[in-house]
């Protein structure tokens, strides 16, 4: 009888230890899984989204077969200089790139609810007399609010603005393609 009670107490002790270890593991796993990413990870992610989106956008091959399949960079270069490319559907390079870029951004960044601005421009002149010549500007409605509401504020709906800029040579000088995204 005494051995039986002693065995039962040992089994009870082991059961309590197993339950405590299981609860500890459960809390540790829950903390790791539901932990919010740090600001550095958020910023890095937004920068990566801006960079990858812009890179993919510029290297996208279009179905404009005016001079073979041209990519978005070639269409923007032509649009910046003087629209000489006319696509099969009758659109020039500016109209076709505008339509295509709008479609791509609406089905990616806008669908993912990232406020953005894509700004394509060339510079004419040099030094302090340089003038921006806008080739293309596309943004969603939230972007101006993102910039104005986040300067020096915390706890707002969006994080900071992250930008990626590519430089593309054209016949009229360097074309700047800049994508600004507000982080979540």
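One decimal place: the segment residue 137-residue 167 gains 9.2 nm when fully extended, by the rule 0.36 nm per residue minus the C-alpha distance.
Each of 14, 123 has some number of other Cβ atoms within 10 Å of its Cβ, and from fewest to most they run 14, 123.
When 95, 10 are arranged by Cβ crowding within 10 Å, least crowded first, meaning fewest neighbours, the order is 10, 95.
Taking 7 Å steps out from each Cα toward its Cβ at residue 84 and residue 174 produces label points 2.4 nm apart.
Taken together, the values in this text are just the output of simple stated rules run on the coordinates, not laboratory data. Just so we're clear, the structure is a prediction, and the values are computed from it rather than from any experiment. Cβ atoms come from the backbone with ideal geometry, glycine included; neighbour counts cover every protein chain shown.
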